[in-house]
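Asks: Here it is: the structure, laid out below.
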Amino acid sequence: MRNGELRLNAYRDLRVALLGCGSVGAQVARLILENGDELAARIGANLTLDGIAVRSLDAERDVELPRELFTTDAERLVQGADIVIELMGGIEPARSLILLALGGGADVVTANKALIAAHGRELSDAADQVGAQLLYEASVAAAIPILRPLRESLAGDHITRVMGIVNGSTNYILDRMDRFGESAEDAMKLASDLGFLEADPTLDVEGFDAAQKATILASIAFHTEVPESAVYREGITGVTLEQITAARHAGFVIKLLAVAERLTASDGTDGVSVRVYPALIPREHPLAAVHEGKNAVFVEAEAAGELMFYGAGAGGNETASAVLGDLVSAARRHVVGG
Ligand code: HSE
């Protein structure tokens, strides 16, 4: 369904603005257009894709989309929207556009881990002030539902630890080195060909990407604000094939792990420790079986015990699934809220 198209149902229209049309944005646009009727029936409202804000109108896209949807005027697009989907990445102009959207009462869905890790509190406060929603399930571990389970399903429990493989490209590199004896350089080239790496691969291999995701996980799991600067971070650039081989012979596998733990001091006060580092995982632990670009998050909670969430942690379509989930969730609240 497209803007302006005659509809035969009696649903109201919700105007959706998409900011960014990279590998995730293009798939999100495709899914909204292709599955419009199904989504409308599920939501009780039509999702009208009002436009897609991009830097260049002529750039090549992963998906063929109607040219008239594209605009370079992101601000104008945001101002008319009920729901804004931000998939530009980076801090600015994403932050200003989200604040503009929230200021106008629109709900916002984003996959922007760097932005949420650095400015999550500011953006949540802006959303709370106007009763809007800020949803960012896709910012951590792409297709894997993990933020909503932590925030909602486990809201009545006491989470003690969250431990995850949350960066697909470094897992791919370490896995290739471990299982096929490949060099780090060759494995990294393959990870790049698969599109797992960030535009700046330093963010992956030095652990920044995993640290951003760990910040978000810890903040939600422990109902607190964990600043990115408080996260201990060590990437995989120091890990050698020799170390990986020696670990294997000793019954371990090396994985880049993000760990967030609740700590209780001797005086009873609670604290949180968050760290990202290459860790030795015993071969029999479920996290040792997370291969290639997959992610997994292992959660320990007092009543629930151990839980593991597993799946695709990167990829355009896979990340788009989580974005669409948030979009439907935001749209449903519009319908319920009138
Ligand atoms: N570069 C990221 C990764 C993409 O490798 O996991 C998904 O956030």
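Asks: Quick test for you: out of 89, 104, pick the one residue that is out of contact with any Phe, Trp or Tyr (no Cβ under 8 Å at 6 or more places or on another chain) and more than 26 Å from residue 204 (Cβ to Cβ). Before the answer, list the steps.
Replies: On the way: 89 fails: more than 26 Å from residue 204 (Cβ to Cβ).
Answer to the check: 104.
Asks: Quick one: which residue in 313, 235 is surrounded by 14 or more Cβ atoms within 10 Å (Cβ to Cβ), in contact with a helix residue (DSSP H, G or I) (Cβ under 6 Å, 6 or more places away or on another chain) and within 27 Å of residue 151 (Cα to Cα)?
Replies: Numbers: 235 fails: within 27 Å of residue 151 (Cα to Cα).
Sole residue among the options that is surrounded by 14 or more Cβ atoms within 10 Å (Cβ to Cβ), in contact with a helix residue (DSSP H, G or I) (Cβ under 6 Å, 6 or more places away or on another chain) and within 27 Å of residue 151 (Cα to Cα): 313.
Asks: Taking the residues in the range 242-257 that are in a helix (DSSP H, G or I) and open to solvent by 50 Å² or more (accessible area, probe 1.4 Å) as candidates, determine which candidate is farthest from residue 197 (Cα to Cα). Steps first, please.
Replies: Filtering the range 242-257 for residues in a helix (DSSP H, G or I) gives 242-249.
If we keep only those that are open to solvent by 50 Å² or more (accessible area, probe 1.4 Å) as well, we get 242-243, 246, 248-249.
Working: 242: 24, 243: 23, 246: 27, 248: 26, 249: 29 Å.
For the range 242-257, the residue satisfying everything is 249.
Asks: Separate question: It is to be established whether one or more residues within the range 188-200 are acidic (Asp, Glu), surrounded by fewer than 21 Cβ atoms within 10 Å (Cβ to Cβ), part of a helix (DSSP H, G or I) and more than 11 Å from the ligand (Cβ to nearest atom). First the steps, then the outcome.
Replies: So in the range 188-200, the residues acidic (Asp, Glu) come out as 193, 198, 200.
So of that shortlist, the ones also surrounded by fewer than 21 Cβ atoms within 10 Å (Cβ to Cβ) come out as 193, 198, 200.
Next cut, part of a helix (DSSP H, G or I) only: 193.
Narrowing the set further to residues that are more than 11 Å from the ligand (Cβ to nearest atom) leaves 193.
There is at least one residue in the range 188-200 that is acidic (Asp, Glu), surrounded by fewer than 21 Cβ atoms within 10 Å (Cβ to Cβ), part of a helix (DSSP H, G or I) and more than 11 Å from the ligand (Cβ to nearest atom).
Asks: If you take the residues in the range 297-319 that are within 16 Å of residue 209 (Cβ to Cβ) and assigned to a strand (DSSP E or B), which one is nearest to the ligand (Cβ to nearest atom)?
Replies: This residue is 312.
Asks: In addition: Name every residue in the range 258-269 that is in contact (Cβ under 8 Å) with a residue 24 or more places away in the chain and either outside any strand (DSSP E or B) or open to solvent by 10 Å² or more (accessible area, probe 1.4 Å) (or both), in order of residue number. Steps first, answer last, please.
Replies: From the range 258-269, those in contact (Cβ under 8 Å) with a residue 24 or more places away in the chain are 258-262; that's our starting set.
261, 262, listed by residue number.
Asks: Right, something else. Is one or more of the residues making up the range 279-290 under 19 Å from residue 209 (Cβ atoms), touching a residue at least 40 places away in the same chain (Cβ under 8 Å) and either within 15 Å of the ligand (Cβ to nearest atom) or surrounded by 14 or more Cβ atoms within 10 Å (Cβ to Cβ) (or both)?
Replies: First, pick out the residues of the range 279-290 that are under 19 Å from residue 209 (Cβ atoms): 279, 287, 290.
Filter once more, keeping what is touching a residue at least 40 places away in the same chain (Cβ under 8 Å): 287, 290.
Now drop any that are not either within 15 Å of the ligand (Cβ to nearest atom) or surrounded by 14 or more Cβ atoms within 10 Å (Cβ to Cβ) (or both), which leaves 287, 290.
Among the residues of the range 279-290, at least one is under 19 Å from residue 209 (Cβ atoms), touching a residue at least 40 places away in the same chain (Cβ under 8 Å) and either within 15 Å of the ligand (Cβ to nearest atom) or surrounded by 14 or more Cβ atoms within 10 Å (Cβ to Cβ) (or both), which makes the answer yes.
Asks: Return the pair list, or none, for Cβ contacts closer than 7 Å from residues in the range 123-149 that are in contact (Cβ under 8 Å) with a residue 12 or more places away in the chain and over 30 Å from residue 292 (Cα atoms) to residues that are among the acidic types (Asp, Glu) and open to solvent by less than 30 Å² (accessible area, probe 1.4 Å), at least 6 apart or on different chains.
Replies: 132/107; 133/107
Asks: Same structure, new question: Can you give me the number of residues within the range 154-179 that are assigned to a helix (DSSP H, G or I), closer than 13 Å to residue 297 by Cβ and more than 16 Å from the ligand (Cβ to nearest atom)? Explain how you work it out, then say what you get.
Replies: The initial filter retains those residues of the range 154-179 that are assigned to a helix (DSSP H, G or I), namely 168-179.
Filter again for closer than 13 Å to residue 297 by Cβ, leaving 168, 171.
Narrowing further to those that are more than 16 Å from the ligand (Cβ to nearest atom): none.
Selection size over the range 154-179: 0.
Asks: So residue 53 ticks every box in (1) touching a strand residue (DSSP E or B) at 6+ places or on another chain (Cβ under 8 Å); (2) within 23 Å of residue 199 (Cα to Cα); (3) open to solvent by 10 Å² or more (accessible area, probe 1.4 Å) but one. Which box is left unticked?
Replies: Evaluating residue 53 over (1) touching a strand residue (DSSP E or B) at 6+ places or on another chain (Cβ under 8 Å); (2) within 23 Å of residue 199 (Cα to Cα); (3) open to solvent by 10 Å² or more (accessible area, probe 1.4 Å) leaves (3) as the failure.
Asks: Could you list, in sequence order, all residues of the range 210-230 that are within 19 Å of residue 296 (Cβ to Cβ) and not charged (D, E, K, R)?
Replies: Scanning the range 210-230 gives 210, 211, 212, 214, 215, 216, 217, 218, 220, 221.
Asks: Continuing with this model, one more query. Within the range 62-84, does at least one residue satisfy the condition of being under 22 Å from the mean Cα position of the chain (by Cα), under 24 Å from residue 337 (Cα atoms) and within 16 Å of the ligand (Cβ to nearest atom)?
Replies: Among the residues of the range 62-84, not one is under 22 Å from the mean Cα position of the chain (by Cα), under 24 Å from residue 337 (Cα atoms) and within 16 Å of the ligand (Cβ to nearest atom), which makes the answer no.
Asks: Please verify whether the range 115-129 includes one or more residues that are away from the ligand (no atom under 12 Å from the Cβ), over 26 Å from residue 102 (Cα atoms), open to solvent by 40 Å² or more (accessible area, probe 1.4 Å) and in contact with a Lys or Arg (Cβ under 8 Å, 6 or more places away or on another chain).
Replies: No: the range 115-129 contains no residue that is away from the ligand (no atom under 12 Å from the Cβ), over 26 Å from residue 102 (Cα atoms), open to solvent by 40 Å² or more (accessible area, probe 1.4 Å) and in contact with a Lys or Arg (Cβ under 8 Å, 6 or more places away or on another chain).
Asks: Then there's this: Within the range 93-106, can you find the residues that are open to solvent by 10 Å² or more (accessible area, probe 1.4 Å), more than 21 Å from residue 23 (Cα to Cα) and either in contact (Cβ under 8 Å) with a residue 12 or more places away in the chain or among the hydrophobic types (A, V, I, L, M, F, W, C) (or both)?
Replies: The answer is 99, 100, 103, 104, 105.
Asks: Being open to solvent by 50 Å² or more (accessible area, probe 1.4 Å), under 30 Å from residue 156 (Cα atoms), not in a helix (DSSP H, G or I) and not hydroxyl-bearing (Ser, Thr, Tyr) is the filter here, so list the residues in the range 201-228 that pass it. Outline the logic, then answer.
Replies: As a first pass, look at the range 201-228 and keep what is open to solvent by 50 Å² or more (accessible area, probe 1.4 Å): 202-203, 206, 208, 223-225, 227-228.
From the residues that got through so far, the ones that are under 30 Å from residue 156 (Cα atoms) too are 223-225, 227-228.
Among the residues that remain, those that are also not in a helix (DSSP H, G or I) are: 223-225, 227.
Scanning the range 201-228 gives 223, 225, 227.
Asks: Starting from the range 207-223, keep only residues that are away from the ligand (no atom under 13 Å from the Cβ), then list their pairs with residues that are assigned to a helix (DSSP H, G or I) whose Cβ atoms are within a distance under 6 Å, requiring at least 6 positions of separation or different chains.
Replies: Hits for this filter: 215/117; 215/228; 220/147; 220/150; 220/151; 221/150.
The values are calculated or read from the model by the stated rules, or taken from the named source; none is laboratory data. Everything quoted here is computed from the prediction, not taken from an experiment. With ideal geometry, Cβ positions are generated from the backbone for all residues, glycine too; neighbour counts draw on all protein chains shown. In case anyone asks, the SASA skips ligands and DNA or RNA and just uses the protein heavy atoms, side chains included. Shrake-Rupley method; radii C 1.70, N 1.55, O 1.52, S 1.80 Å.
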